[in-house]
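Q: Please see the structure below; I have some questions.
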Amino acid sequence: MEHTGNTILVTGGGSGIGQALAHRWHDAGNHVIVTGRRQQALDEAIAGRARMSAYVLDVTDDAGVEAFVRQVCAEHPRLNILVNNAGVYSAEKVTARRDIADAQQMLATNVLGPIRMTNALIEHLSAQPGAAIINVSSGLAFVPYPAAPTYGATKAAIHSYTAALRPLLAGKLEVIEIVPPQVQTELTPGQSQDPNSMPLDAFADEVMALLQASPTPTEVCVERVRYFREAEAKGQFDEALGMLVQYS
């Protein structure tokens with residue numbers, strides 16, 4: 001992956017991890033396009049930054065995604081990197097019958113959203129130099145958080161989907177997975193102030209440093225997430241799951 005001179009599309013780029021990475025890619029000399037569902041957040045994300053563009057987009061909307069892709073490819077024909085970052089989180093109590101609307105929304109956004117975006121852009125990206133797809137998963141893809149089982153399942157699905165894409169697209173574009181730990185964002189109420197969460201700037205800086213490696217790593221794992229990423233391979237899965245049960 002080239003580190004400058006790209007045109008990068010970041011879904012969910014109006015806040016949190018998406019915005020932090022978008023700003024760093026922009027600072028590195030890339031044109032960056034951010035999408036999200038809230039115009040105000042997008043306007044704030046690109047304020048004062050030339051070579052940044054913003055579009056309102058709901059990645060769960062089939063027709064909306066197709067219309068957006070036609071527009072963005074016409075207006076930014078050099079678009080060569082897609083970052084599937086948009087995601088939603090809901091805690092769940094699964095031990096009794098419940099309304100599963102939140103679970104359905106997580107599946108629609110966190111799994112079908114990246115699949116939909118990748119499908120809509122795959123032919124365009126495959127024709128671009130230096131092209132890449134970057135999918136943002138989670139440490140919970142590898143050790144699930146029992147208080148949010150569907151969320152973990154969506155991230156495990158993205159890990160599997162990303163790994164399957166990689167050999168199929170070899171020689172056409174790079175396929176990269178970013179695996180965050182719990183980061184100080186507003187993914188859940190109060191998380192941005194949680195001292196047990198990784199500071200957002202520290203996370204984004206470490207990700208950018210890891211992406212500088214040559215060749216670009218297929219998985220970008222900051223040090224703080226490695227315990228969970230490697231837990232099963234090291235025989236520590238039950239221990240790690242037990243730790244997360246305590247917070248459920």
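Each reported figure results from applying straightforward, stated rules to the coordinates on display, with no laboratory input. Remember, it's a predicted structure, so these values are computed and weren't measured experimentally. When we count neighbours, we look across all protein chains shown, and the Cβ atoms used for this are built from the backbone with ideal geometry, even at glycine.
Q: When we measure straight from the Cα of LYS93, which aspartates and glutamates land under 20 angstrom away, once same-chain ones fewer than 8 places off are left out?
A: Excluding near neighbours in sequence, the set is ASP102.
Q: Rounded to the nearest 20 debye, what is the charge dipole size of the chain about its Cα centre when +1 sits on each Lys and Arg Cβ and -1 on each Asp and Glu Cβ?
A: 240 debye
Q: Please state the charge dipole magnitude for segment 1-96, taken about the Cα centre, from unit charges on C-beta atoms (+1 on K and R, -1 on D and E), reported in debye and rounded to the nearest 20.
A: 200 debye
Q: Okay, moving on. Using a cut-off of 13 Å between alpha-carbon atoms, which aspartates and glutamates can reach LYS155, once sequence neighbours fewer than 8 places away in the same chain are excluded?
A: Answer for LYS155, where 13 Å is the Cα cut-off: GLU177, listed by chain and number.
Q: Please give the helix 16-27 orientation as an angle from the longest Cα principal axis of the chain, in degrees from 0 to 90, rounded to the nearest 10.
A: Around 30 degrees separate the two axes.
Q: Let me ask something else about it. Mind sorting ARG37, ARG229 by how few other Cβ atoms lie within 10 Å of their own Cβ, fewest first?
A: ARG37, ARG229
Q: What is the fewest-to-most order of CYS221, CYS73 by other Cβ atoms lying within 10 Å of their Cβ?
A: CYS73, CYS221
Q: Quick one: putting +1 on the C-beta of Lys and Arg, -1 on the C-beta of Asp and Glu, what dipole do you get for segment 82-160 around its Cα centre, in Debye to the nearest 20?
A: 180 debye
Q: Still on this structure, please answer the following. Ignoring everything except DSSP H segments at least 4 long, calculate the 222 nm mean residue ellipticity for the chain; use -39,500 (n - 2.57) per segment, divide by total residues, nearest 500.
A: Counting only the DSSP helices, I get -12000 deg cm²/dmol.
Q: So how tilted is helix 200-211 from the main axis of the chain? Cα-based, degrees 0 to 90, rounded to 10.
A: Helix 200-211 sits roughly 60 degrees off the main axis of the chain.
Q: Rg and Dmax of the chain, Cα atoms, in Å?
A: Taking only Cα atoms of the chain, I get Rg and Dmax of 17.5, 52 Å.
Q: Taking Rh as the Kirkwood radius computed over C-alpha pairs, what is the Stokes-Einstein D of segment 98-162 at 20 °C in a medium of viscosity 1.002 mPa s, expressed in µm² per second?
A: 166 µm²/s
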